[in-house]
Amino acid sequence: MAKKLSRIRSFAVLMLACGITAKNVSAQATPSLKEVFKNDFLIGTAMNTPQIEEKDAAADALIKQQFNAVTPENIMKAEIIQPGWDKYNFDEADKLVAYAQKNNIKVNAHTLIWHSQLPAFMRRIQSADSVKKYFENHITTVAGRYDGKVYSWDVVNEALNEDGTLRKSVFLDKLGDNYIVEAFRLAQKAAPHTKLYYNDYNIEQPKKRAGAIAIIKKIQAAGVRIDGVGIQGHWKAGSVPLKDIEESIKTFSALGIEVMFTELDLTVLPNPWDNTTAEVSATAKSSKEMNPYAAGLPDSAQQTLTQSYADLFRLFRKYKKNISRVTFWGVNDGQSWLNGWPIPGRTNYPLLFDRDFKPKPAFFSVITTAKGQ
């Protein structure tokens, strides 16, 4: 009981230091992230299909209030937007573009080339010429359709291993290690009015960061345009690698490109492995120990999440001249992919809004960083 009371007192001290009270959390008019940080960087969120179709009224209201940038979770990935060799499905992507135009929101399109979520027909292709034809047609057709309609593209996604070497994929296997440069070359031609980015997780870590730097320098040396790099930001509350993040902001910025944080969420749950990854195909076994907060988030964990977000946004604001966008990977906790990855059925709390779309203490701690607190 004494330990519990101590945690509660510590949490209360933290909230007061951030200007947060229980009355504020429940009753005050909710500030707008996009307004609070409008002179710093864009604030984005990932949108799922029901949200794009405006079937989720609560999410719709929150998106319009809080965010000025959106990234589609899935509907622009290859398996959905090009389900057949000569068949494209632009319906949902067109709806997203229309939604964004109507609400004065910038779209970061995601993603043109990725080893995962490829259309089924790609698994049957053996010929390098056929892979090259798909590669060229997909980039040219999809990027070209949305040039001037979307703000930016994640041209290539997650092309690196943890040691900074190129990940084995059908594109590396069939097209060789110059495929990333060629992807940007094709995107530049098809979408001259669109920002072009490389996106990956763990590239704040030194070895993987070195691999990303090598990719960027190779693209630049070829005379091809790359406008920025996206650091995904799938980290754990209480152990966010702030020093590595800061060094990455400085190093990437020195290359003359924008830096973004593109899929931000802070897990509060135990890691089933002794390493960190955001590989979507990774799985782990379920256990009670791996799902400790099914009944709700205790004060101690809430405090850790709140402090971690505050520390992170203080760092972002320190480098606001170098950072162009911060995007959360989901609108609220219930939507987060971390409820089902890497263990299905877990209950996670990684975002700023709870399952009822209400702002959490972490939200207010983020808001206070814009005031220099």
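The values are calculated or read from the model by the stated rules, or taken from the named source; none is laboratory data. From a predicted model like this one, the values you see are computed outputs, not experimental measurements. Methodologically, a virtual Cβ is constructed for each residue, glycine included, from the backbone with ideal geometry; neighbour enumeration extends over all protein chains shown. Note: accessible area is taken over every heavy atom of the protein model, side chains too, but ligands, DNA and RNA are not part of it. Shrake-Rupley method; radii C 1.70, N 1.55, O 1.52, S 1.80 Å.
A few points about this structure:
- Options 238, 144; residue that is assigned to a loop (DSSP other than H, G, I, E, B), out of contact with any Cys (no Cβ under 7 Å at 6 or more places or on another chain) and surrounded by fewer than 22 Cβ atoms within 10 Å (Cβ to Cβ): 238
- Extreme residue, nearest to residue 326 (Cα to Cα), among residues of segment 54-90 that are open to solvent by 50 Å² or more (accessible area, probe 1.4 Å) and of a type in the set (Asp, Glu): 54
- Applying the set (1) out of contact with any Cys (no Cβ under 7 Å at 6 or more places or on another chain); (2) of a type in the set (Gly, Ala, Ser); (3) in contact (Cβ under 8 Å) with a residue 12 or more places away in the chain; (4) on the phi < 0 side of the Ramachandran plot to residue 254 leaves exactly one unmet item: (3).
- Lone qualifier among 83, 72, 119 - being over 21 Å from residue 232 (Cβ atoms), in contact with a helix residue (DSSP H, G or I) (Cβ under 7 Å, 6 or more places away or on another chain) and of a type outside the set (Lys, Arg): 119
- Unique match (being in contact (Cβ under 8 Å) with a residue 24 or more places away in the chain and either open to solvent by less than 30 Å² (accessible area, probe 1.4 Å) or farther than 17 Å from residue 238 by Cα (or both)) among 276, 283: 283
- Note on segment 241-267: among residues that are of a type in the set (Ser, Thr, Tyr) and either at pLDDT below 95 or touching a helix residue (DSSP H, G or I) at 6+ places or on another chain (Cβ under 9 Å) (or both), the one that is surrounded by the fewest Cβ atoms within 10 Å (Cβ to Cβ) is 251.
- Residue selected from segment 59-116 under the condition hydrophobic (A, V, I, L, M, F, W, C), touching a His at 6+ places or on another chain (Cβ under 9 Å) and assigned to a strand (DSSP E or B), by the criterion farthest from residue 160 (Cα to Cα): 112
- Criterion (under 21 Å from residue 333 (Cα atoms), of a type outside the set (S, T, N, Q) and free of Cβ contacts under 8 Å to residues at least 24 places away in the same chain) met by exactly one of 57, 69, 98: 57
- Number of the exception - residue 312 against (1) buried (at least 22 other Cβ atoms within 10 Å of the Cβ); (2) more than 14 Å from the chain's Cα centre (by Cα); (3) not in a helix (DSSP H, G or I): (3)
- Any hit, segment 187-196, residues being more than 14 Å from residue 155 (Cβ to Cβ) and open to solvent by less than 30 Å² (accessible area, probe 1.4 Å): no
- Pairs where the first residue, in segment 106-134, is hydrophobic (A, V, I, L, M, F, W, C) and open to solvent by 10 Å² or more (accessible area, probe 1.4 Å) and the second is modelled with pLDDT of 95 or more and not in a helix (DSSP H, G or I), C-beta under 6 Å, 6+ apart: 114/157; 121/85
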